[in-house]
Structures are given as C-alpha cells and as structure tokens.
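In what follows, a structure is listed as structure tokens, so that the remarks can point back to it.
The values are calculated or read from the model by the stated rules, or taken from the named source; none is laboratory data. These figures come from a predicted structure and were not determined experimentally. We place every Cβ from the backbone using ideal geometry, glycine too, and count neighbours over all the protein chains shown.
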Amino acid sequence: MAQLPNAPLPHSLSALQAEPYALQEGSSTKLFSEIHDHHIPAFASTALDRLYGSLFASQRHLELCGENVPVPHTWIAYRHGEVVAVFLFRIEASRVLVLTEMIAPQEEHLNEFRHAVFARYPKIWLIVFNAIILPAAITKSACQWYAFSENYILDLPPSVTDYLSSIGKSTRKTIQGYSNRLKREFPDFKWETYTAAEIPRHQQRALLRQLQAFKSDSMSARGKQALLDKRDRYRLMILASECGLFGVARVKGKVVAGSLACRFGDSYVMLLSAADPEMEPFRLGLLACYWSVCDCIRAQARQCHLLWGRYRYKSQLLAVPHTLFRLNMYRSRRVMLSHFSMVMTMWGQSLRYRFRHWLLNQVHERQDVFSLLVSRGLNRLRLWRVHVQKLKHANG
C-alpha cells in the first residue's frame, strides 16, 4: 500500500493563509471551488469514492495509513452545484502535498486547484501530486512530471457473458479448457463468493493468511519477494472486513486459490489474488483472477483496478495499463528556476525510471543484437535467482 509522508504539519497556518479563495459561478472556468482547512466534509468523503473509485483516493485509506496525524485539508470543486472534483492535501513547510492518489484528474481541475491553493496560501511555492494519471496535455509551463508506475484498469461490461465474449479467442479457450480440466480432475472443485458480512472475521483472517502464503511461494519460485509488513497486513484485514468481496476455490474442502477485492464507489480494487503453486498446471492463478472479475461484474461494478505490476494475465483479461505520474506544480516559472537542484533531481529520477522500464520490459520485445544479449543476460540472472531461492527453501 502507498505510504504517507511522516513530516509534521505546522502548528499554525496563520503565516501561510491569505483571504479565502473561491471562483464564482459564471466565470471563465465555469467552476466554483472552496477549501476546508483541517476538515473533510462527509459529502466530500462520499464524493471521493464516487468520483475516483480508488482505494488510494479514499478517506478510509488515509485514516488507516495516517494514524495520529492532523486531519488533512479538503479542496472541493463544483459545477452547477454538483461536486466534480475533491483533493485532500497536507501543508508541509512551504509546499502542498496532495494525498488523493491513483486518480485521473481533468486538466481543468488541476489548474483550478493550483490557482486556489496559490491564491489562498501566499507562502506556498510548490504543489506535489504523488501518483496520478495525467490528462492528455498540461498547459501550465511551471510544471514538471515523470512516469514511475502504472495502474491496470478494467472497464467492466454489464454481464459476465459480454465479458467472456469480449476476451481474446486464445484466452477464452484457455479459460474454458482449464476450467473443464479442473472439474474433470477434481469433481468436487468449487469457486464460492462471499461478501464481508457473509464470512466471520476469523475465517477472513485465515483465508487472507493462506492467500498471502500462496503469493509469497509463487513469487519465490520466480526469484522475487512478496513484501507485506505487519502494518500492511493489519490494513488489509480491516479493509477486507469493511468492504471486501471474497472469492474462494476449494478442493476436498481445502483452499487452493482465492481473491480479495474491495469496493469503493462503483469500482473494485483487486488487493489479492493467488493460487497454490502446486495447482499451476491448471492455470489456477489466471482462473482465480478471471472468476474474481466476474464476481465484480455480478456486483454491478463499473471498473476493476488490478493495480501495478506488469503481468501478462492482466492484459489477457483486458485490463489496460494507465501510466502513473509524479507531478510538481510551481507557483511560477521563476520559482521553478530558482529551485534548480530540485528540478534536476526530478529529471534524474525520470531518467532512472525510463532506464529501468526499458531494462525490465521493452528490452525483451526488441530484436536487435544488443537487446537480445541484454535479454539473455537478464533471463540467466533470473534463473540463477530462482535456483538460489529453491536451495534456500530446500535447506529450510
């Protein structure tokens, strides 16, 4: 899960705050906006889930991640009396850090937020968005951004039948073939779906621990690590008990695969999907994710977020990668140039991400001699890591 900065909020905002800023109806932007200091109105919290359908944009996520910290500020934009955008943010020294993440704001909303913040707080010179999907163009010149990750988003059709028919022929054949094979090999195999209210807390915890163990074992077999600390597990348990949709696959009463998706607004966020590595010959990992998506469709959701991580099954199931950016918005071009070291640091971070993206993803798709040599070297390194992991596992 995303982590919130630990920098303390200033005890007083009096040095930062100017006259309240609000853009009136009928102006050129056709927006009205307001800022609530250290307060999140109930209707704004509801609007966050409705507008963005993202765990990392929800107030609940901030509450779980930011215990014992001041309530953030809230910026709300209206059009014709309807809430069209909400950003939660924190003031750290002379910059604003936006806490609403993994969203796709409109350029109009970004520009209005920038205007509102810089007008209200004259000492603020920088606004930072940590993880957003940028609109097609950013017209403000005093901005800097770079891509660093992605969120795979699946737009859900109205029915499971429509979804299956829209999947590629090869993937559809794989799903149907392995499903039939499972039923032949294990006649008692079943996939069951539960809401959080339908499964006791202790069973939820046991199921999540089992799925996390499956996930860890599967990644270890590929020379990777599934890092989930104690705090992350606690948050996962809480979210599961509040808004979780569980999928469970059993053979002879034993859990062999499962999933957890949590609902925000009319979208689901797939937080966990895993299968027993011993069931890999049946492609149960792919099937579990597919069945979980079908459960989300039956629950009349609009989207399913499969989050970051480039795995082939996501594309097979029609999820589309949306690039996540870090965005800095400066008060002016002069202010931006006066912080030259920060600008260069961000430029360096951008180059590192591009190189890493090329090394881990694009190099395997190229056919030139250099790329082939690099790809073979990486594959050998990966196989060596898998071998080392197996030896460690064998030695206890």
Of the conditions (1) assigned by TED's automatic domain parsing to the domain that holds Ala93; (2) under 30 Å from Ser315 (Cβ atoms), the single one that Tyr163 does not satisfy is (1)
If you scan region 282-292, which residues turn out to be among the hydrophobic types (A, V, I, L, M, F, W, C) and in contact with a Phe, Trp or Tyr (Cβ under 7 Å, 6 or more places away or on another chain)?
-> Phe282, Leu286, Leu287, Cys289, Trp291
For residues that are polar (S, T, N, Q) and closer than 17 Å to Ser292 by Cβ, scanning just region 307-348, find the one that is surrounded by the fewest Cβ atoms within 10 Å (Cβ to Cβ).
-> Ser315
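Please verify whether Leu88 is assigned to a strand (DSSP E or B), touching a helix residue (DSSP H, G or I) at 6+ places or on another chain (Cβ under 9 Å) and either over 22 Å from Ser141 (Cβ atoms) or modelled with pLDDT of 95 or more (or both), treating the condition exactly as stated.
Numbers: assigned to a strand (DSSP E or B): yes; touching a helix residue (DSSP H, G or I) at 6+ places or on another chain (Cβ under 9 Å): yes; either over 22 Å from Ser141 (Cβ atoms) or modelled with pLDDT of 95 or more (or both): yes.
Answer is yes for this residue.
When region 117-142 is examined, which residues are found to be in a strand (DSSP E or B) and surrounded by 18 or more Cβ atoms within 10 Å (Cβ to Cβ)? Steps first, please.
Within region 117-142, the first condition is being in a strand (DSSP E or B), and the residues that meet it are 126-132.
Matches in region 117-142: Leu126, Ile127, Phe129, Asn130, Ala131, Ile132.
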List the number of the failed condition for Ala147; all other conditions in (1) under 30 Å from Pro281 (Cβ atoms); (2) of a type in the set (A, V, I, L, M); (3) not in a helix (DSSP H, G or I) hold.
-> (1)
State whether the residues of region 124-135 include one that is in contact with a His (Cβ under 6 Å, 6 or more places away or on another chain), closer than 26 Å to Arg235 by Cα and touching a residue at least 40 places away in the same chain (Cβ under 8 Å).
-> yes
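So that you can scan it fast, the table gives a plain yes or no per residue for (1) touching a Lys or Arg at 6+ places or on another chain (Cβ under 7 Å); (2) without any contact (Cβ under 8 Å) to a residue 12 or more places away in the chain; (3) hydrophobic (A, V, I, L, M, F, W, C):
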residue	(1), (2), (3)
Ser159	no, no, no
Ser165	no, yes, no
Arg172	no, yes, no
Tyr178	yes, no, no
Phe186	no, no, yes
Ala197	no, yes, yes
Pro200	no, yes, no
Would region 247-257 turn up any residue that is touching a Pro at 6+ places or on another chain (Cβ under 6 Å), outside the structural domain of Met102 (by TED's automatic domain parsing) and not in a loop (DSSP other than H, G, I, E, B)?
-> no
One residue from Arg310, Arg283, Arg298, Arg326 being of a type outside the set (Gly, Ala, Ser) and on the phi > 0 side of the Ramachandran plot | Arg283
